[in-house]
Amino acid sequence: MDYLIKVKTAKYIGDYKIYCLFSNGVEKIVDLKNELYGEMFEPLKDKNIFIQFKVDDTLKTIVWPNGADIAPYSLYEIGKTIAKTIKNKPNFSKVR
């Protein structure tokens, strides 16, 4: 497991679910419906606020305008894998 995992891309897909592409090439659907508790996250239960997230260039994770963020590793653990991209895939076409 890559403990320095980062979020490269994130897109809202509906019902508190976010598609995330991680720095290791793994794509996951992260369902945050049951994760929105506590002072910073309660306002995100309003879907109009929830969808205002973005990927922060410095933190390399998703953040909201109210200052809430979720660690990339937590998103990775919560998420359900939908695809894996092999990084640095060997080129076997030259092997005889």
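Below are the figures for this structure:
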{"item": "Rounded D (µm²/s) - segment 1-50, Kirkwood Rh over Cα pairs, Stokes-Einstein at 10 °C, 1.306 mPa s", "result": "133"}
{"item": "Inter-probe distance in nm under a simple model that places probes 7 Å from Cα toward Cβ, at Y19 and E42", "result": "3.4"}
{"item": "Listed values (i) 64, 31, 30; (ii) 80, 38, 36; (iii) 60, 25, 20, entry calculated as Cα extents along the principal axes in Å", "result": "(iii)"}
{"item": "Charge dipole magnitude, Cβ of K and R +1, D and E -1 - the chain, Cα centre, debye nearest 20", "result": "860"}
{"item": "Protection proxy ranking of 22-31, 53-62 - average other beta-carbon atoms within 10 Å, highest first", "result": "22-31, 53-62"}
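Values in this text are rule-based calculations from the coordinates and carry no lab data. Worth saying up front: this structure is predicted, and the values here are computed from it rather than measured. Cβ atoms come from the backbone with ideal geometry, glycine included; neighbour counts cover every protein chain shown.
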